[in-house]
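Notes to accompany the following structure.
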Amino acid sequence: MWYFIIKQDDLNPAQFEQLQKKAALTEIEVFNDPYPNLYIFSVEGYSAFVDTLDLAGITYSVASERPEREELRIEGLRD
């Protein structure tokens, strides 16, 4: 399983729906300011999901294991 992490501001509603259809599980990690909320898409098909993200110009990070909440908070600080 692969975990794609995307900042909430990087997606519009149509993109979110498209990615949600391709993911096995979609989670939203809600953080208070100054941290942005993050989407976590759990997927089995790595290359197809990467292709979709790259073609849409969506910035993401990926992990092979589900990141802990503290790791996600740090991820939210990165630009």
* Asked: Taking H as built 1.01 Å from N, whose amide H comes closer than 5 Å to the amide H of Phe31, not counting residues under 5 places away?
  -> Asn37, Leu38
* To do: Rank Asn32, Ile74, Ile5 by how far each Cα sits towards the positive end of the charge dipole of the chain (+1 on Lys, Arg Cβ; -1 on Asp, Glu Cβ) and give me just the farthest.
  => Ile5
* Asked: Between Glu70 and Ala48, what FRET efficiency comes out of the Förster formula 1/(1 + (r/R0)^6) with R0 = 35 Å and r the beta carbon distance, rounded to 0.05?
  -> 0.70
* Note, ³J(HN,Hα) from phi for segment 15-25, Karplus 6.51, -1.76, 1.60, rounded to Hz, x at Gly and Pro -> 5, 4, 4, 4, 5, 4, 5, 8, 8, 6, 8
* Go through (1) -0.34, -0.84, -0.93; (2) -0.79, -0.98, -1.02; (3) -0.38, -0.80, -0.87 and flag the label whose value is the computed log10 I(q)/I(0) by the Debye sum over Cα atoms at q = 0.13, 0.20, 0.21 Å⁻¹ for this structure. => (1)
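Readers should treat all values here as calculations from the given coordinates under stated rules, not as data from a laboratory. Everything numeric in this text was worked out from a predicted model, so none of it was measured. Quick reminder, even Gly has a Cβ in these numbers, built from the backbone with ideal geometry, and neighbours come from all protein chains shown.
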